[in-house]
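S.K.: Here it is: the structure, laid out below.
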C-alpha cells in the first residue's frame, strides 16, 4: 500500500525520495511545500501542515533515514528541517510559529509570528515532546519524553522538562 500512497502524494506535488515507508498520513494543504528525502519512514496518522501562500522552497524537509512516529504533527509557516537519521517519538508537536497577541485584533485574525526550526542529525525526541519556534537542536541531542523545548539545544546534550533544560551529555 505504501507504493500507492507515494505515487498519489507525488502526483499532488510532494517531493518523495527513494526507499520511503509511508503509512497513513495527512497533508491538509500545500503538498508542494514538503520534501521527504530517501529512506524516511512515517508511521500512521502523522500530520504535515504548511501554512501560507505557496513558497519557492520546501517548508518541511524530512532528511534521509528519519523516522517520524505515530500521531506526530509538524506545522510549518517558515521552515522546519529534520536532518539525517533523527527519530521523532509518538505524539510530538513541532512548530515554527505562534499567533500574535495584539489586543486590538480578534484572536482569529492575528498574524503568525514565526522563526525556522532545525533538528540536527541523529537526534532523538521522546514521546510527547513539543518544539517551539526558533529552536535549533544540535546533532546527536536527546530530548526527554514530555519536554517543551523553547530554547536551542547544544549538540550531544540530553534535555528534559517544562521548559526543557540540559540534564546531561551523550557519551
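What follows draws every value from the coordinates through simple rules; no lab data is involved. A quick note: this is a predicted structure, and the numbers were derived from the prediction, not measured. Please note: Cβ atoms are built from the backbone with ideal geometry, for glycine as well, and neighbour counts cover all protein chains shown.
S.K.: Neighbour counts of other C-beta atoms within 10 Å: give me 150, 50, 130 arranged from fewest to most. Mind dumping the intermediate values first?
M.R.: Details: 150 14, 50 25, 130 20.
Ranked by crowding around the Cβ, least crowded first: 150, 130, 50.
S.K.: Let me ask something else about it. Could you check the simple spin-label distance between residue 55 and residue 155, using points 7 Å along Cα→Cβ, in nm with one decimal?
M.R.: With each label point 7 Å from Cα toward Cβ, the separation is 2.5 nm.
S.K.: In addition: Give me 164, 55 sorted ascending by neighbouring Cβ count inside 10 Å, so fewest comes first. The partial results should precede the final answer.
M.R.: Working: 164 24, 55 15.
So the ranking, lowest neighbour count to highest, is 55, 164.
S.K.: What FRET efficiency comes out for the pair residue 99/residue 11, r = Cβ-Cβ distance, R0 = 35 Å, nearest 0.05?
M.R.: Rounded to the nearest 0.05, the efficiency is 0.60.
S.K.: Right, next: Give me the percent of DSSP beta bridges within the chain that run antiparallel, rounded to the nearest 5.
M.R.: Values: 7 of 46 bridges.
Restricted to the chain, the bridges split so that about 15 percent are antiparallel.
S.K.: Under a 10 Å cutoff between Cα atoms, tell me which one of 158, 82, 137 has the largest fluctuation in the Gaussian network model of the chain.
M.R.: In the Gaussian network model the winner is 158.
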